[in-house]
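Participant: First the structure, which I've put down as structure tokens, then a few questions once you've had a look.
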């Protein structure tokens, strides 16, 4: 789908708010994964309050540019593996962080807020000796990228991006689906119940995918998806011989059984390795009308905050994203006609390269 012409709005900015934390040396991983991960994909640091923060490194370890990747909801750092080859080809270093309660990162108690995340990010950046970096929030990671744009010293950020971002509920609850409105109520009033139901659902899902019949069907679906991806890529390259092959949406060359295990690990293994606390907390945070700051007070101003979003996204209605772009002091909204939350993946490569100031033909 072609993107509409981006809209850009510039408003007066307020003074920056900075955070200060420190991080110590790496801690031992605290989760058992269903797959064997590359050591670079299972790293940790210990924060000043004793919590563990997990992260993975993808792309070029000595890349010219650094991108901090904030995963979706619920998910984990290994989500960013899809960008590994793209980042390597363009000399980009990707550091994907687990938010509290996901993957290797221990939960944060008591009542966590959106603005706690920039403090963790600043501590992480200090531990990795990062002076400047870009941030990209995908889906549920979007609001956390906005929080960093507000709370981190602007001099540390080279770019800020939101891809298929979760919406601000301040735009109006009427934009959200009934299921999400119900989740909001339960997460605030009965978090223990949400956690218990989540664990029951996870146990059932793990049992179900372990049965031969479901595993066989899942393998068949993966084979079909790979074949469709091959055909689609062939048509695209035939239509435009100058186009570069895609890496994110390219067919997976691994044995289908290995693909299945990796997929399940990404969907339910790592996100819930420490239980449902992270997801329950974020259900409350992401549906809160108040993010802890006003959108028009966001301090990052060096370049527009770039937003890529599908107009048919039911998870995050475009009306709420337009509200977000309109309130931010400096935003650039790219709308993709007919794309949903799940078809936006076709545009992730171009979005990452745009955010990092690269083009398809600028390779190391």
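The values are calculated or read from the model by the stated rules, or taken from the named source; none is laboratory data. All figures in this text were calculated on a predicted structure; none of them were measured in a lab. Positions of Cβ are backbone-derived with ideal geometry, glycine not excepted, and every protein chain shown enters the neighbour counts.
Participant: If I go through region 325-343 residue by residue, how many of them are part of a loop (DSSP other than H, G, I, E, B) and out of contact with any helix residue (DSSP H, G or I) (no Cβ under 8 Å at 6 or more places or on another chain)?
Facilitator: 5
Participant: Could you list, in sequence order, all residues of region 283-316 that are without any contact (Cβ under 8 Å) to a residue 40 or more places away in the chain and farther than 26 Å from residue 75 by Cα?
Facilitator: 294
Residues are listed down the side, and each one gets a yes or a no for (1) over 21 Å from the mean Cα position of the chain (by Cα); (2) under 18 Å from residue 74 (Cα atoms):
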position	(1), (2)
228	yes, no
232	yes, no
238	yes, no
244	yes, no
279	no, yes
320	no, no
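Participant: Right, another one. Can you tell me which residues in region 280-301 are surrounded by fewer than 19 Cβ atoms within 10 Å (Cβ to Cβ) and under 17 Å from residue 119 (Cα atoms)?
Facilitator: 292, 293
Participant: Look through region 108-130, keep the residues that are at pLDDT 95 or above and more than 18 Å from the chain's Cα centre (by Cα), and return whichever of them is surrounded by the fewest Cβ atoms within 10 Å (Cβ to Cβ).
Facilitator: 129
Participant: For residues that are under 14 Å from residue 311 (Cβ atoms) and touching a residue at least 40 places away in the same chain (Cβ under 8 Å), tally how many sit in region 324-342.
Facilitator: 9
Participant: Criterion first (in contact (Cβ under 8 Å) with a residue 40 or more places away in the chain, crowded, with 19+ Cβ neighbours inside 10 Å, touching a helix residue (DSSP H, G or I) at 6+ places or on another chain (Cβ under 7 Å) and not in a helix (DSSP H, G or I)) does residue 187 satisfy it?
Facilitator: Considered against the rule, which asks whether it is in contact (Cβ under 8 Å) with a residue 40 or more places away in the chain, crowded, with 19+ Cβ neighbours inside 10 Å, touching a helix residue (DSSP H, G or I) at 6+ places or on another chain (Cβ under 7 Å) and not in a helix (DSSP H, G or I), residue 187 comes out as no.
Participant: Does region 212-271 hold any residues that are in contact (Cβ under 8 Å) with a residue 12 or more places away in the chain and in a loop (DSSP other than H, G, I, E, B), and which are they?
Facilitator: Passing the criteria: 243, 244, 245, 246, 247, 248, 249, 250, 251, 252, 270, 271.
Participant: Taking region 44-87 as the region of interest, how many residues are touching a residue at least 40 places away in the same chain (Cβ under 8 Å) and in a strand (DSSP E or B)?
Facilitator: 14
Participant: With more than 30 Å from residue 174 (Cβ to Cβ), surrounded by fewer than 15 Cβ atoms within 10 Å (Cβ to Cβ) and modelled with pLDDT of 90 or more as the only criterion, which of 245, 255 stands out?
Facilitator: Result: 255 is the single residue among 245, 255 that is more than 30 Å from residue 174 (Cβ to Cβ), surrounded by fewer than 15 Cβ atoms within 10 Å (Cβ to Cβ) and modelled with pLDDT of 90 or more.
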